[in-house]
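This report refers to the structure that appears directly beneath it.
The values are calculated or read from the model by the stated rules, or taken from the named source; none is laboratory data. Here the structure is a predicted model, which is why all the values come from computation and not from measurement. Virtual Cβ from ideal backbone geometry, glycine too; neighbours counted across all protein chains shown. The area values use the complete protein model at the heavy-atom level, side chains included, leaving out ligands, DNA and RNA. Shrake-Rupley method; radii C 1.70, N 1.55, O 1.52, S 1.80 Å.
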Amino acid sequence: MIDKNKLPVHVGIIMDGNGRWAKQRMLPRVMGHNAGMEAMKKIVIAASNMGIKHLTVYAFSTENWKRSVEEVNGIFKLIVKYVNSELQELIDNNVHINILGEYDMLPQDSVEAIDKLLSSTAGDDGLTFNIALNYGGRDEIVKAVRALYEEKKNQEEQGVFIEITEDDISRYLYTGSANHDIPDPDLIIRTSGEERMSNFLVWQAAYSELMFTDTLWPDFTAEEFEQMVEKFTHRNRRFGGRKEEDK
């Protein structure tokens with residue numbers, strides 16, 4: 001049984017394996033993404049029911065533009081499909097949606113669907129569901145530094161002593177107080193057997209607990225998710241320090 005007092009506040013998921021899932025079944029890759037969307041729906045509800053406050057999924061990276069036009073267009077069409085089919089259930093479950101990334105570069109119908117998703121769930125105060133879309137961790141840091149530079153440059157012109165801290169940079173990240181004020185992820189899960197971060201929440205994941213599973217994302221179940229969260233509750237997190245009895 002999961003100790004509710006030790007739940008991760010924020011869980012990030014790198015949803016990997018859609019293409020391989022489709023290939024194993026001799027299906028088009030977009031069918032794997034469609035199956036992955038169904039898995040995502042189940043995990044969102046599971047996280048909400050467990051009492052997790054923030055869930056962030058890696059939906060489309062800045063590097064994913066390198067994929068075939070057919071696959072990229074298929075992913076964008078799924079966004080519209082997701083909003084049309086799931087919006088009411090998200091509202092009913094009090095799920096609040098955020099987008100991390102520059103989604104205005106997507107096709108117009110996708111942008112309009114996302115705008116509808118954001119406005120319709122803006123007042124919800126349950127699970128905060130962050131979708132990393134056209135997102136890259138390094139790109140996020142570069143944008144944050146540029147914004148911080150403009151702020152500090154104005155201060156310098158006014159004769160104020162300039163000092164840059166970690167909190168300054170964090171403020172201007174997509175997750176920061178200048179945007180949504182989302183805490184750093186406690187736990188990051190990656191499916192499909194790969195064991196790397198792939199430019200996901202690079203700054204925020206400095207002290208995240210990492211877990212990997214061989215399960216391809218479309219086959220990832222609420223039960224496996226709960227097992228990994230339960231395993232997290234037994235992790236000893238020291239954030240670079242040591243427990244008193246070990247000193």
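How do the pairs read when you match residues in the stretch 94-110 that are under 12 Å from Ser61 (Cα atoms) with residues anywhere that are open to solvent by 40 Å² or more (accessible area, probe 1.4 Å), using Cβ under 8 Å and keeping only pairs 6 or more apart or on different chains?
Gly101/Thr62
Find all pairs meeting these conditions: Cβ atoms under 6 angstrom apart; at least six residues apart or on different chains; first residue within the stretch 19-48 and under 17 Å from Glu70 (Cα atoms); second residue among the acidic types (Asp, Glu).
Arg29/Glu71
Checking Leu27 against (1) farther than 24 Å from Leu201 by Cα; (2) open to solvent by less than 40 Å² (accessible area, probe 1.4 Å); (3) at pLDDT 95 or above, which single condition isn't satisfied?
With (1) farther than 24 Å from Leu201 by Cα; (2) open to solvent by less than 40 Å² (accessible area, probe 1.4 Å); (3) at pLDDT 95 or above applied to Leu27, the lone miss is (2).
Checking the structure you have, find out if any residue of the stretch 134-142 is free of Cβ contacts under 8 Å to residues at least 24 places away in the same chain and out of contact with any Phe, Trp or Tyr (no Cβ under 6 Å at 6 or more places or on another chain).
yes
Within the stretch 201-218, can you find the residues that are under 19 Å from Leu55 (Cβ atoms) and either at pLDDT below 95 or open to solvent by 50 Å² or more (accessible area, probe 1.4 Å) (or both)?
Val202, Trp203, Tyr207, Leu210, Phe212
Note down all Cβ pairs under 8 Å where the first residue falls in the stretch 221-232 and is in contact (Cβ under 8 Å) with a residue 24 or more places away in the chain, the second is of a type in the set (D, E, K, R) and surrounded by fewer than 16 Cβ atoms within 10 Å (Cβ to Cβ), and they're at least six residues apart or on different chains.
Thr221/Lys42; Ala222/Lys42; Phe232/Lys6
Condition check: open to solvent by less than 80 Å² (accessible area, probe 1.4 Å) and among the hydrophobic types (A, V, I, L, M, F, W, C). Does Val80 satisfy that?
In short, yes.
Could you go through the stretch 173-190 and let me know if any residue there is of a type in the set (Asp, Glu), closer than 25 Å to Gly36 by Cα and within 18 Å of the chain's Cα centre (by Cα).
yes
Select from the stretch 88-109 the residues that are among the aliphatic types (A, V, I, L, M), out of contact with any Leu (no Cβ under 6 Å at 6 or more places or on another chain) and either open to solvent by 20 Å² or more (accessible area, probe 1.4 Å) or under 20 Å from Ile14 (Cα atoms) (or both) and list them in ascending order.
Ile91, Leu100, Met105 - these are the residues of the stretch 88-109 that are among the aliphatic types (A, V, I, L, M), out of contact with any Leu (no Cβ under 6 Å at 6 or more places or on another chain) and either open to solvent by 20 Å² or more (accessible area, probe 1.4 Å) or under 20 Å from Ile14 (Cα atoms) (or both).
Are any residues in the stretch 111-140 assigned to a helix (DSSP H, G or I) and open to solvent by 40 Å² or more (accessible area, probe 1.4 Å), and if so, which ones?
Glu112, Asp115, Lys116, Leu118, Ser119, Ser120, Arg138, Asp139
Pairs, please: C-beta under 8 Å, at least 6 apart or cross-chain, first residue within 21 Å of Gln227 (Cα to Cα) and at pLDDT 95 or above and in the stretch 184-200, second of a type in the set (Asp, Glu) and open to solvent by less than 50 Å² (accessible area, probe 1.4 Å)?
Asp186/Glu209; Leu187/Glu209; Ile188/Glu209; Arg190/Asp16; Thr191/Asp16; Ser192/Asp16; Glu194/Asp16
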